Structures are given as structure tokens and as C-alpha cells.
Amino acid sequence: MKLNVLYLALAAAAVVSGQAYAQAPIVIKFSHVVANDTPKGKGADRFKELAEKATNGRVKIEVYPNSTLYKDKEEMEALQLGAVQMLAPSLAKFGPLGVKEFEVFDLPYIFPTKDVLYRVTEGQVGRDLFKKLEPKGITGLAYWDNGFKVMSSNKPMHMPADFKGMKMRIQSSKVLDAQMRALGANPQVMAFSEVYQALQTGVVDGTENPPSNLYTQKMHEVQKHVTMSNHGYLGYAVIVNKKFWDGLPADIRTQLDGAMKEATKYANAIAQQENDKAIAAVKATGKTEIYALNDKEKAEWRKALAPVQKDMESRIGKATIDAVNKEAAAIGAK
């Protein structure tokens with residue numbers, strides 16, 4: 001895989017060199033792993049529209065959705081090697097890269113409201129996290145929201161005990177691994193593009209997703225039960241290859257920054273709407289039962305998952321976790 005990615009990187013460099021000589025538009029390949037009709041997919045398309053307009057065609061954005069260019073296991077390496085210029089990976093992807101502080105976003109129930117989330121992503125905590133990516137050759141541009149996660153499986157999941165022995169797909173994240181184990185499940189790391197087939201064939205029993213991902217990937221077709229647990233958060237970071245970004249003309253970089261700010265406002269505004277629409281659409285099929293936890297059940301979930309935050313302090317860093325909890329306390333969310 002590394003040789004293939006390196007080959008593509010060299011080919012991309014040659015293309016860019018040729019384009020520069022011919023004064024052709026600067027091409028930015030923007031790869032992501034979800035469908036076009038998700039908040040991230042729509043955000044990427046909006047950025048393309050805004051960026052090409054802002055630069056008067058001096059920049060061309062090529063969007064590659066649904067893992068058509070790289071799967072989520074490959075895309076980070078491709079970015080670092082320059083085979084692709086822009087990604088919007090889920091925040092869980094930065095832990096395996098060595099920036100474990102990002103796994104604070106994976107902690108169950110750490111964001112009681114979206115207000116707390118935005119105080120973190122739009123404030124000093126978010127900026128400090130982006131700085132930690134720079135030594136990896138990555139520049140962080142924006143945080144994109146995709147909402148709180150639900151659980152899906154082929155059996156009801158009302159109490160933590162219902163997860164005992166279940167094989168649950170997760171992203172590669174030590175925090176998500178600990179979360180599933182705290183519920184008594186067996187976590188299974190798997191690429192996003194492989195999840196539908198794994199659910200269909202019984203390789204895994206269930207998974208977690210924001211509703212928009214669940215619906216657009218048609219996972220509801222092979223999952224009989226969805227629990228509106230809102231137990232965790234899934235967001236993305238729009239990132240670029242640092243060497244490529246720093247090498248852009250200053251005026252173009254400024255124009256692209258402006259386009260990204262507008263695309264971010266748009267993507268974040270539609271995230272909840274898309275998730276609400278997705279749940280309604282799943283319910284309308286009549287094939288999947290949508291279950292909302294009652295207060296007693298919510299309390300049991302919180303109790304079962306509470307130890308994860310403490311257990312992950314040594315990995316994520318107590319200071320990072322405390323900084324997020326401080327933001328929650330600042331607005332009286334807890």
C-alpha cells in the first residue's frame with residue numbers, strides 16, 4: 001500500500017509541476033469516505049463551489065466521496081505523502097496518528113450539549129489541538145459537526161447488559177474500544193466502507209453512527225433496531241497537507257480560508273437537520289425500530305460508561321479532558 005501511495009504522490013507532484021508550468025488551475029484533491037448527501041459530503045461540495053468562485057477559477061477542487069480515492073485506513077498516509085491535498089477525517093483518526101489528545105472527542109457523554117462542543121472546537125482547546133498536527137505535516141482548517149451517535153444492531157439495546165457478547169464495529173480508537181468493553185461488547189475495528197457488508201453477513205452484530213451516516217450507507221436495511229442513545233460524538237477535522245498549504249500564494253490561501261469558513265458554517269448548520277431527516281426516513285421504512293432511552297435507562301448507560309473518562313486520562317491527557325469539562329461547567333451544562 002505504501003508503494004502505491006508513494007507512486008501516486010510522485011505522479012501528483014509531476015502533474016502539479018506541469019500545471020504550474022502551463023499556468024493551469026491549482027488542483028486540490030479533497031477525499032472523504034462518506035456519501036455526497038451527508039453533512040460532510042454537502043460541506044465538501046459547498047467548499048468546492050465557494051473556493052472556485054473566490055479564486056476566480058485559479059483553484060480547482062476535485063471532490064472524491066465514498067472512499068472512491070482512498071479508504072479511511074489509507075487516506076491519512078496519502079495526505080502526508082502529498083498524493084491528496086485535503087481530507088475531512090473523523091476526529092478519532094488522529095489518535096492512531098500519534099496525536100492522542102484528539103480522542104477526547106470520543107469520550108462517552110463528555111459533550112452534554114452542542115453549545116459545549118462549539119466552545120471547544122471554536123475556542124482555545126480546538127486551536128491547541130490543531131497545533132499538535134503540524135509536526136505531522138498537517139494543517140487543520142476547520143471542525144465540521146456530524147452530531148451525536150446512535151447504536152444499531154439486530155437486537156434491542158435498552159440497557160448496558162444488552163450489549164454483552166455483541167460484536168460491535170468501531171473506528172480505530174482506544175477510547176471507543178474501552179467504551180464498548182465497558183458495555184460488555186466485543187469491539188471490532190473496521191473500515192467505514194466495509195461496515196454494510198459486515199453487518200449484512202453477521203461479521204459484526206452492530207455499530208454506532210450519527211443517523212445521517214447510518215441512513216446514507218443503508219445500514220438500516222441490515223439492522224432491525226436503533227437506540228437513540230446520543231452517547232458519543234462524531235465530528236470531523238478538515239485538514240490539508242502542510243507543505244502544500246504553506247506553498248500556496250498568500251492571496252489564494254486567504255481566499256480559500258474564507259471559503260472554508262463559509263462552508264463550515266453551512267456544514268455545521270445542516271448537521272442536525274440531516275440527522276433528524278435520516279431518523280424520520282429510517283422510521284418511515286417500517287423495517288427498523290427506533291427506541292428512545294427513558295431516564296432510568298439513560299442513567300444506567302451513563303453509570304456504565306463513566307469509568308472510561310478516568311481510565312483514558314493517561315492516554316489522552318488529564319489536562320485536555322479537564323479543559324473540555326471546564327467548558328461544560330462554564331455554561332452550566334453539568
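Contact map, region 314-329: residues that are farther than 13 Å from Thr121 by Cα paired with residues that are of a type in the set (Phe, Trp, Tyr) and surrounded by 15 or more Cβ atoms within 10 Å (Cβ to Cβ), Cβ distance under 9 Å, separation 6+ or inter-chain. Pairs shown: Ile316/Phe102. For region 241-283, a residue qualifies if it is hydrophobic (A, V, I, L, M, F, W, C) and under 15 Å from the mean Cα position of the chain (by Cα), and the qualifying residues are Ala267, Ala271. Candidates Leu50, Leu97: the one that is part of a loop (DSSP other than H, G, I, E, B) and either crowded, with 19+ Cβ neighbours inside 10 Å or among the aliphatic types (A, V, I, L, M) (or both) is Leu97.
Considering only region 130-165, state which residues are in a helix (DSSP H, G or I) and touching a Leu at 6+ places or on another chain (Cβ under 7 Å).
Within region 130-165, Lys136, Pro160, Phe163 meet the criteria.
Among residues belonging to region 100-140 that are surrounded by fewer than 23 Cβ atoms within 10 Å (Cβ to Cβ) and aromatic (Phe, Trp, Tyr), point out the one that is farthest from the chain's Cα centre (by Cα). Among those residues, the one meeting the criterion is Tyr109.
Checking each residue of region 240-253 against the condition of being touching a His at 6+ places or on another chain (Cβ under 8 Å) and either closer than 23 Å to Asn209 by Cα or of a type in the set (A, V, I, L, M, F, W, C) (or both) gives no match. Of all the listed residues (Phe105, Phe111), the sole one being part of a helix (DSSP H, G or I) and of a type in the set (Phe, Trp, Tyr) is Phe105. For beta carbons closer than 7 Å, sequence separation of 6+ or different chains, a first residue in region 199-223 that is free of Cβ contacts under 8 Å to residues at least 24 places away in the same chain and farther than 11 Å from Asn146 by Cβ and a second that is in a strand (DSSP E or B) and of a type outside the set (Val, Ile, Thr), there are no qualifying pairs. Taken as a whole, the structure leaves Lys224 outside the set of residues that are closer than 28 Å to Leu50 by Cα and surrounded by fewer than 19 Cβ atoms within 10 Å (Cβ to Cβ).
Residue under question is Val33, and the condition is that it be modelled with pLDDT under 95, outside any helix (DSSP H, G or I) and out of contact with any strand residue (DSSP E or B) (no Cβ under 7 Å at 6 or more places or on another chain); does it hold?
Yes, satisfied.
Considering only region 247-257, I want to know if a residue exists there that is among the small types (Gly, Ala, Ser) and not assigned by TED's automatic domain parsing to the domain that holds Ala281. Checked region 247-257: at least one residue is among the small types (Gly, Ala, Ser) and not assigned by TED's automatic domain parsing to the domain that holds Ala281.
Applying a threshold of 9 Å to beta carbon distances and a minimum spacing of six or more residues, or different chains, the list of pairs starting in region 129-140 at a residue that is farther than 14 Å from Tyr236 by Cα and touching a residue at least 24 places away in the same chain (Cβ under 8 Å) and ending at one that is buried (at least 18 other Cβ atoms within 10 Å of the Cβ) and of a type in the set (Asp, Glu) reads Lys132/Glu101. Just one of (1) in contact with a helix residue (DSSP H, G or I) (Cβ under 7 Å, 6 or more places away or on another chain); (2) within 30 Å of Ala250 (Cβ to Cβ); (3) crowded, with 17+ Cβ neighbours inside 10 Å; (4) among the β-branched types (Val, Ile, Thr) fails for Val27. It is (3).
Is it the case, given these coordinates, that Val282 is among the hydrophobic types (A, V, I, L, M, F, W, C), outside the structural domain of Tyr70 (by TED's automatic domain parsing) and assigned to a loop (DSSP other than H, G, I, E, B)? So Val282 does not fit the description; no. The helices (runs of 4 or more DSSP H) found wholly in region 166-246 and carrying at least 1 residues that are under 27 Å from Lys277 (Cα atoms) occupy 174-182, 195-201, 211-216. Being within 30 Å of Ser152 (Cβ to Cβ) and part of a helix (DSSP H, G or I) is a condition met by at least one residue of region 256-264.
Is it the case, given these coordinates, that Asn66 is assigned to a loop (DSSP other than H, G, I, E, B) and either modelled with pLDDT of 95 or more or within 21 Å of Tyr143 (Cβ to Cβ) (or both)? For Asn66, the condition - assigned to a loop (DSSP other than H, G, I, E, B) and either modelled with pLDDT of 95 or more or within 21 Å of Tyr143 (Cβ to Cβ) (or both) - is not met.
Scan Pro249, Pro211 and give me the residue that is at pLDDT 95 or above and surrounded by 19 or more Cβ atoms within 10 Å (Cβ to Cβ). Among Pro249, Pro211, only Pro211 is at pLDDT 95 or above and surrounded by 19 or more Cβ atoms within 10 Å (Cβ to Cβ).
The values are calculated or read from the model by the stated rules, or taken from the named source; none is laboratory data. Quick caveat: nothing in here was measured; it's all calculated off a predicted structure. We place every Cβ from the backbone using ideal geometry, glycine too, and count neighbours over all the protein chains shown.
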